[in-house]
Structures are given as structure tokens and as C-alpha cells.
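One structure coming up, written as C-alpha cells, with questions to follow.
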Amino acid sequence: MVWGSLATQFCLELAFGVLLGLCLIPRAPLGVFFHRMMGTTALVPLLIAGLVPPLYAGVSWTSPIVVGSLAACAIFPFFSGPLPSRKRVGATYLALICCGVALVASVVASVETAAESGVSTGTLVLGSLSAMSTGVVAGGVGLAMVVGHWYLTVPQLPISLLVRLNRLTAWAMGASVVLLAATILVHKDVLQAAETPILSDFGLFYLGARVAVGLALPLLFAWMTSSSLKYENTRSATGILYASTVLVLIGAAAALSLQDSYGVPL
């Protein structure tokens with residue numbers, strides 16, 4: 001079995017986005033089952049990120065990637081179990097921190113491996129923030145889509161829940177655009193001097209997919225979702241979020257492909 005560092009990073013990005021979204025929505029109106037189900041959605045990629053690299057990719061069990069992922073997994077019974085709301089939120093934030101540590105370590109390992117020379121602190125910070133924002137977009141939109149479906153069975157849920165998650169993902173998309181532009185400006189010489197320059201047909205195709213499919217269209221869909229929620233039309237909003245979920249996952253895949261080619265998170 002072949003397992004790459006970018007696969008680990010993708011798992012951690014998804015888990016990070018879902019956990020951040022769970023930190024922002026209360027259990028009371030959604031119920032224990034919802035939080036347990038979405039907590040499991042975060043648990044699965046965390047388990048993969050914590051177990052597969054040491055078992056199949058030669059990563060040490062003491063690596064921050066493995067320790068952070070498994071620590072977040074260990075907190076699963078607390079952030080998905082029948083605890084009082086305040087304790088559950090605290091456990092979710094703790095799992096989010098552990099996941100964030102593992103994600104940053106994954107980005108650092110990936111960038112340092114791809115670099116032929118030393119990597120600056122600014123590059124690592126920029127790459128880590130970019131990976132986090134990508135995770136919030138991918139995990140957050142998926143979480144919002146599931147919340148939208150919840151209105152079909154519990155119509156009395158407050159619209160504010162979906163509005164809050166939609167705003168989170170919209171802000172994360174905006175942050176991703178800014179970080180993407182900053183990364184291109186900072187690394188323009190490296191990107192253009194690569195074996196396949198960023199302005200080549202290959203580079204422009206994946207960069208275009210990253211921007212248009214993964215960010216621009218989901219931003220438009222976030223605006224459309226917001227407009228639907230003003231009229232409390234959760235069915236239309238859920239349909240839009242379903243399409244947006246597919247788009248942001250394609251965008252995340254394009255971002256990882258660019259990172260694999262150029263060595264920096266885009």
C-alpha cells in the first residue's frame with residue numbers, strides 16, 4: 001500500500017473543518033445523534049491520519065502528525081457523547097487544537113520534503129493557514145449541507161444555525177483567496193522556475209480549477225444560500241450547499257495536486 005503525505009494532509013483538513021463547525025453549533029436543537037454522526041465524520045479521517053502513516057508510510061509513532069491525530073481521536077467519546085453542552089464544546093475545541101497541530105506538522109513535513117533548500121518561517125505559516133482555510137471550506141460546507149437536511153426532519157430548527165455555518169464557510173473562502181494570492185506573490189519565482197511553470201497549460205488548468213471551481217463558484221453559491229435563508233427556504237439552501245460540497249472537494253483536490261507539483265500549499 002502506497003500512502004503519501006498529501007493524503008494525510010487531506011484527511012486532517014477535512015477533520016479540522018468539521019470540528020471547527022461543530023464548535024460553533026449547539027447540541028440542544030440538533031440532538032445527540034447529529035453530533036455523534038458528524039463527530040464520527042471527523043473521527044474517520046483522524047484515524048486514517050493517525051494510523052496509516054506509521055503503519056504504511058514509515059512515519060514514526062511519536063511524530064506530531066500521529067500524536068495529534070490520535071489525541072483528537074481519544075477525545076471523540078467526549079465531544080460526541082452525552083455530556084453537558086459546555087463540556088462538549090470544550091472537548092470539541094481540544095480535539096480541534098490537536099487536529100490543528102497535526103495538520104500544521106503535516107504541512108511542515110510536506111513543504112520541507114519538497115524544498116531543495118531551507119524553508120522560511122513565513123512560508124510555513126502561510127502554508128499552514130492556507131491548509132486550514134481549505135479544510136474549513138471543505139469540512140464546513142459539508143457540515144452545513146448535512147445541517148440543511150436536518151430541517152427536513154426537524155422543521156422548527158432555528159435558521160440561525162445554517163446562517164452561522166454559511167457565514168463561516170464564506171469567510172473561509174475569502175481567506176483562501178487572499179492566502180492563495182499571497183502564496184503566488186511570495187513564491188512567484190519558484191512557481192515560474194518549476195519544471196512545469198505555473199503559467200504553463202498544466203499549471204493554469206489546475207490553478208483555474210482551484211480558483212473557479214473550488215473558490216469562486218462556492219462563494220457565489222454561499223451568496224445564493226444566504227439569499228435563500230433570508231426567506232427561510234432551507235430546501236433551496238440545502239440543494240445549493242449539496243452542489244457547493246462537490247465543488248469545494250474538487251477544489252481541495254486541485255489544491256493538493258498543485259502542492260504536489262510546486263511544493264507549496266495553494
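Please determine, in degrees from 0 to 90 and to the nearest 10, the orientation of helix 121-153 with respect to the longest principal axis defined by the Cα atoms of the chain, where the helix direction is its Cα long axis.
Helix 121-153 sits at roughly 30 degrees to that axis.
Out of these labelled values of mean projected area of the Cα convex hull in nm², (1) 13.9; (2) 15.1; (3) 13.0, which was calculated from the coordinates shown here?
Step by step, mean projected area of the Cα convex hull in nm² for this structure corresponds to label (1).
What value, in deg cm²/dmol to 500, does the helix sum -39500 (n - 2.57) over DSSP H runs of n ≥ 4 give at 222 nm once divided by the residues of the chain?
One gets -26500 deg cm²/dmol as the mean residue ellipticity at 222 nm.
Would you list the P(r) distribution for the range 1-114, with all Cα-Cα distances sorted into 10 Å bins from 0 and each bin expressed as a whole %?
16, 48, 25, 10, 1
Find which of Ala105, Cys23, Ser69 sits farthest along the positive direction of the dipole of the chain, computed with +1 on the beta-carbon of Lys and Arg, -1 on that of Asp and Glu, about the Cα centre.
Result: Cys23, furthest along the dipole toward the positive end.
Once both axes come from the Cα atoms, what is the angle between helix 217-230 and the longest principal axis of the chain, in degrees from 0 to 90, rounded to 10?
10 degrees
For the residues Met132, Met37, Met173, what sequence is obtained by ranking on other C-beta atoms within 10 Å, fewest first?
With the fewest neighbours first, Met132, Met37, Met173 line up as Met37, Met132, Met173.
Every number here is computed from the coordinates shown, using simple stated rules; none is lab data. A quick note: this is a predicted structure, and the numbers were derived from the prediction, not measured. Don't worry about glycine lacking a Cβ; one is built from the backbone with ideal geometry, like all the others, and counts go over all protein chains shown.
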